[in-house]
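Colleague: Here it is, the structure, as structure tokens.
Derivation of every value follows stated rules applied to the coordinates shown; laboratory data play no part. Since we're looking at a predicted model, the values are computed, not measured. Counting neighbours? That spans all protein chains shown, and the Cβs are built from the backbone with ideal geometry, glycine included.
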Amino acid sequence: MNGDETRTHTALHVVKGAARKVLGTRWTAGTFVNGTHCILTVQLDEKPDDESMSKIEALANQKVSEGALVQVEELSRPEAEKKYGDEIYDLFPVPESIQTLKVVVIPDWNVNACNKEHTRTTGEIRGITLGKWRYRNSRKMLEVPFDVSSG
């Protein structure tokens, strides 16, 4: 994975944490990462307002400016589940055959099983800009596109 995708993938965890704090989202339904662009899709019961989405962007960038440590723990699946519960999973399951999990932890922000590369701190992301979000009422899904600062 190139440096941009590593930063973008780490930003995904930052945006997920901000969305959870602002909207109470819990489950990720999908992700798409390509270079400095990402789309995070989360399950949400009702359409958010623009103010809430602005708060997500502001909180995400606050976490970036903090330069918070991004920890990756490698644990057996039973250990990870005992320590973090179902918090580590998304709506797309980790196959049962995988018995060792990498768990990304941004303390007090986001915990997620993830086998991608990540930056050491949130500061390496540099900045996050949310794009035009879309809420799909029929599926109760919120699509949050964003870009990380390049260069």
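Colleague: Suppose R0 equals 30 Å. What FRET efficiency, 1/(1 + (r/R0)^6) with r the Cβ-Cβ distance, do Thr129 and Glu73 give to the nearest 0.05?
Modeller: Approximately 0.50, to the nearest 0.05.
Colleague: Could I ask something else about it? Each residue of segment 109-120 in order: what ³J(HN,Hα) in whole Hz does its phi give by Karplus 6.51 cos²θ - 1.76 cosθ + 1.60, θ = phi - 60°, with x for Gly and Pro?
Modeller: So the Karplus estimates, Gly and Pro as x, are 9, 8, 9, 7, 5, 7, 9, 8, 7, 9, 6, 6 Hz.
Colleague: For the chain, take the convex hull of the Cα atoms, compute a quarter of its surface area, and give me that in nm², please.
Modeller: 8.5
Colleague: Picking from Ala11, Ala19, Ala68, which is most flexible by a Gaussian network model of the chain using Cα springs under 10 Å?
Modeller: Ala68
Colleague: Please list, ordered by chain and number, the residues whose modelled amide H lies under 5 Å from the amide H of Gly127; skip anything fewer than 5 residues away on the same chain.
Modeller: Sorted by chain and number, the residues that satisfy this are Ser149.
Colleague: A further question on this structure: Given 0.36 nm per residue, what is the gain on full extension from Asp4 to Arg120 after removing their alpha carbon distance, in nm?
Modeller: The span from Asp4 to Arg120 would gain 40.4 nm if fully extended.
Colleague: With springs only between Cα atoms under 10 Å apart, run a GNM on the chain and tell me which of Lys55, Lys82, Lys102 wobbles the most.
Modeller: Lys82
Colleague: Tell me, what HN-Hα J-couplings in whole Hz come from the Karplus equation 6.51 cos²θ - 1.76 cosθ + 1.60 at θ = phi - 60° for each residue of segment 43-53, using x for Gly and Pro?
Modeller: Here the 3J(HN,Hα) series is 7, 8, 6, 9, 5, x, 9, 4, 4, 4, 5 Hz.
Colleague: Considering the options Ser65, Thr31, His9, tell which one lies farthest towards the positive end of the dipole of the chain, charges being +1 on Lys and Arg and -1 on Asp and Glu at the Cβ, about the Cα centre.
Modeller: Farthest towards the positive pole: Thr31.
Colleague: Taking the simple approach of a point 7 Å from Cα along Cα-to-Cβ for both Leu91 and Gln43, what is their distance in nm?
Modeller: So the label points at Leu91 and Gln43 sit 0.7 nm apart.
Colleague: I need the phi-derived Karplus couplings for segment 80-92: 6.51 cos²θ - 1.76 cosθ + 1.60, θ = phi - 60°, integer Hz, Gly and Pro marked x.
Modeller: Using θ = phi - 60°, the values come out as 4, 5, 5, 6, 10, x, 7, 4, 6, 9, 10, 6, 9 Hz.
Colleague: Could I ask something else about it? Take the Cα pairs of segment 35-124, get the Kirkwood Rh, then feed it into Stokes-Einstein at 25 °C and 0.890 mPa s and tell me D in µm²/s.
Modeller: The calculation lands on 164 µm²/s.
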